[in-house]
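Structure, as structure tokens:
The values are calculated or read from the model by the stated rules, or taken from the named source; none is laboratory data. This structure is a prediction, so every number in the text was calculated from the model and none was measured. Neighbour counts are summed over all protein chains in view; Cβ atoms, including those assigned to glycine, are modelled from backbone coordinates with ideal geometry.
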Amino acid sequence: MRCLRYHPAAKPFYHLLLFVLPFLLWNCEGSDASRHAQQEENYAPEEHVPYIRPASIIEALENPSSRWVDSVFNTLTPEQRIAQLIIVEAFSDKGPKYEADVMRLIKKYQVGGIIFFQGGPVRQAKLTNKYQAAAKVPLMIAMDAETGVGMRLDSTVQYPFQQMLGAIEDNGLIYQMGAEVASEFKRLGMHVNFAPVADINNNAANPIIGYRAFGEDRLDVTAKSLAYMQGMQDNEILATAKHFPGHGDTDVDSHYDLPIIPYDRQRLDSLELYPFKELIKYGIGSIMVAHMHIPKLDSARLLPSTLSKPIVTGLLKNHLKFKGLIFTDAMVMKGVTKYFEPGEAEVRALMAGNDILERLNNVPKAIQAIKAAIVRGDLTQAEIDLKCRRVLAAKQWLGLDNYKPIELNNLYEDLNPPIADSTNRILAEASITLLRNYKKIIPVKQRRRTRIATVSIGARRTTVFQREADKYARTKEFIISRKATKKEILKLQKQLRKYDVVLLSLYGPSIRPSNNMGYSPEAKALVRHIIRDKKTVTVLFDNAYAINQFPGIEESEALIVAYQPLFHAQQAAAQVAFGELKARGRLPVTVNQDFRYGDGIRKGKVIATLH
């Protein structure tokens, strides 16, 4: 080995090297330390990374892993992971024994969520706090509230059904309603609304959708569904489009039997599926699959679409590229239970590709059947685990990783804010549809010798419409039942002889629209007699399709459709009748050859489809 020898001529070089070398070594060491620290940062365990809430729930579901999701998932037994895929029903008006049964399902099986139905807001809030306190994993709370929480709970705001909204041209109003529904959901500690109804109702005989749909036009239904969905999801409530792949063209109610849809894929693509395809593009967070048999999509005999792999996985997930949560429709409905036993139905629903099973007949039996299916190989634990992780990721996106009990103080006031009343008024004013105005009887004018009567059929007391009409003219009020006797009818006809103009308002059996208004033949004959005998402004406070229940109604001098007997709808209809408000609504469905989709006299001008 050769040794380096010191040479006098190299003296200056060695001195420089001795001076610089410590700095080079220090810098090299610092660089290595810095690099080591950077590596530690890059490879830090995931638990050190704070959760950043994805902009959309779809993003959260596509990567269902986070510190919270992983930690919760790892505490769950295989059976509890199955239970996370189950939502059970709950009422707040059925008493302690019923509440104890729900509590047992939460404590014993650790079900994933609850769907609340009828009751009261304070009672529901107290129950929610109790149920959440008992749950190992925070519960996902849902409600089937197409018209807001007032559809299920007393002492709360009810917004219009979708047919009434379908008459409105300004979809921004529907977005605002969706935002307010979201606010009320959050105040009640809820996370998922099974709305909007994205079905296209083009069958007047449909017994289950009808007034629950925005109408019969696919573009209108899509735009309004999108507005409602965005109003909720922009405010952190999960929207659920239903009833995939489209329940609008059936005359069978899937609550009682299995509807059969005979149409082929081309027809479904062009009509029924269109709103769902567009909502998927814009980030709908969840979709509910209906119980319908569609032989052209799945030829298996009497197989509900909920249990069909070609429909749920093949069509919805693979073809339409839906990445959100998939809910079954209620598993207690005859559309599924008529042909499949509890347990078998839930197994088939998971095999088909659904994520969450809603409203089961028998939770223990379903869990045991799913465990048996895993042993057989019909399902795998890995499939269940992924679904469970997706449910947990949705819960975290919805804020359940930081669960807080519902504050009970001021709950009633918070659920009845002034803005909700203003929104309901604006929605009503924008929806009133004027279908006929012969010789411009509207606006009704109180001339010196003109005597005006207001007749409300189906009411029990003086109506909001009658009281509002009395503000603009001197009127005489009459009220008569939908089931009036012949004697009562003859008496009213005699009383009306001295009146020149009649404002005739027609009411159904409840505040929600009806498929059958329940008028006796005598009451229907009375409607026809008044229209023929007097100058009549007829106002229908019910389902637009109900026009067909009143032969001769098209002969009214004026015909107004107000869709529902909501307070503001009755006020707005009277204001239109007396010219205080211009009609702006348009018919969202075709009722018959006289009144078709799009018809309406708006802002004093006839704007109607060509017949």
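Couple of notes before you dig in:
- Any chance A473 is touching a helix residue (DSSP H, G or I) at 6+ places or on another chain (Cβ under 8 Å) and touching a residue at least 24 places away in the same chain (Cβ under 8 Å): no
- Listed by position, the helices (runs of 4 or more DSSP H) enclosed by segment 89-196 that each have at least 1 residues that are at pLDDT 95 or above and buried (at least 22 other Cβ atoms within 10 Å of the Cβ) are 121-134, 162-166, 171-187.
- A count restricted to segment 275-307 and to residues that are closer than 13 Å to A349 by Cα and not in a loop (DSSP other than H, G, I, E, B) stands at 5.
- Segment 75-88, subset part of a helix (DSSP H, G or I) and not β-branched (V, I, T), residue surrounded by the most Cβ atoms within 10 Å (Cβ to Cβ): A83
- Where A577 falls short, out of the listed (1) surrounded by 22 or more Cβ atoms within 10 Å (Cβ to Cβ); (2) under 15 Å from I457 (Cβ atoms): (2)
- Of residues in segment 411-453 being among the β-branched types (V, I, T) and in a loop (DSSP other than H, G, I, E, B), the one nearest to Q570 (Cα to Cα): I432
- Considering segment 423-438, the residues that are surrounded by fewer than 19 Cβ atoms within 10 Å (Cβ to Cβ) and not assigned by TED's automatic domain parsing to the domain that holds K535 include one that is farthest from G600 (Cα to Cα), namely R425.
- Some residue of segment 193-202 being closer than 25 Å to E413 by Cα, in the same structural domain as R123 (by TED's automatic domain parsing) and without any contact (Cβ under 8 Å) to a residue 60 or more places away in the chain: yes
- In this structure, G112 does not qualify as within 24 Å of the chain's Cα centre (by Cα), in the same structural domain as S183 (by TED's automatic domain parsing) and free of Cβ contacts under 8 Å to residues at least 12 places away in the same chain.
- Total residues in segment 219-270, condition part of a loop (DSSP other than H, G, I, E, B) and over 18 Å from A290 (Cα atoms): 4
- Among residues of segment 351-373 being without any contact (Cβ under 8 Å) to a residue 40 or more places away in the chain and aliphatic (A, V, I, L, M), the one that is farthest from P304 (Cα to Cα) is A372.
- The condition of being buried (at least 22 other Cβ atoms within 10 Å of the Cβ) and within 13 Å of A167 (Cα to Cα) does not hold for I553.
- Segment 324-360, subset outside any loop (DSSP other than H, G, I, E, B) and of a type outside the set (A, V, I, L, M, F, W, C), residue farthest from the chain's Cα centre (by Cα): E344
- The listed residues are G579, G598, and the only one of them that is in a loop (DSSP other than H, G, I, E, B), in contact with a Ser or Thr (Cβ under 6 Å, 6 or more places away or on another chain) and not hydroxyl-bearing (S, T, Y) turns out to be G598.
- V347, sole failed condition from (1) within 20 Å of M229 (Cα to Cα); (2) surrounded by fewer than 24 Cβ atoms within 10 Å (Cβ to Cβ); (3) of a type in the set (V, I, T): (1)
- Subset of segment 448-461 [over 13 Å from P565 (Cβ atoms) and either among the hydroxyl-bearing types (S, T, Y) or outside the structural domain of D500 (by TED's automatic domain parsing) (or both)]: T450, T454
Residue-by-condition table, conditions (1) within 13 Å of the chain's Cα centre (by Cα); (2) free of Cβ contacts under 8 Å to residues at least 60 places away in the same chain:
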position	(1), (2)
D234	no, yes
H243	yes, no
P275	no, no
S286	yes, no
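- Scan of segment 424-451 for residues that are polar (S, T, N, Q) and touching a residue at least 40 places away in the same chain (Cβ under 8 Å), ordered by number: N424, S431, T433, N437, T450
- Residues of segment 371-410 satisfying the condition of being farther than 17 Å from I82 by Cβ and among the β-branched types (V, I, T): I406
- Segment 470-502 - residue that is in a loop (DSSP other than H, G, I, E, B) and among the polar types (S, T, N, Q) and, of those, surrounded by the fewest Cβ atoms within 10 Å (Cβ to Cβ): T485
- Answer residue from segment 321-342, given it is of a type in the set (A, V, I, L, M) and under 13 Å from L360 (Cβ atoms) and is surrounded by the fewest Cβ atoms within 10 Å (Cβ to Cβ) among those: V332
- Within segment 383-410, tally of residues that are within 24 Å of the chain's Cα centre (by Cα) and in a helix (DSSP H, G or I): 11
- Residue among R528, R461, R467 that is in a helix (DSSP H, G or I), over 20 Å from E580 (Cβ atoms) and either among the polar types (S, T, N, Q) or modelled with pLDDT of 95 or more (or both): R528
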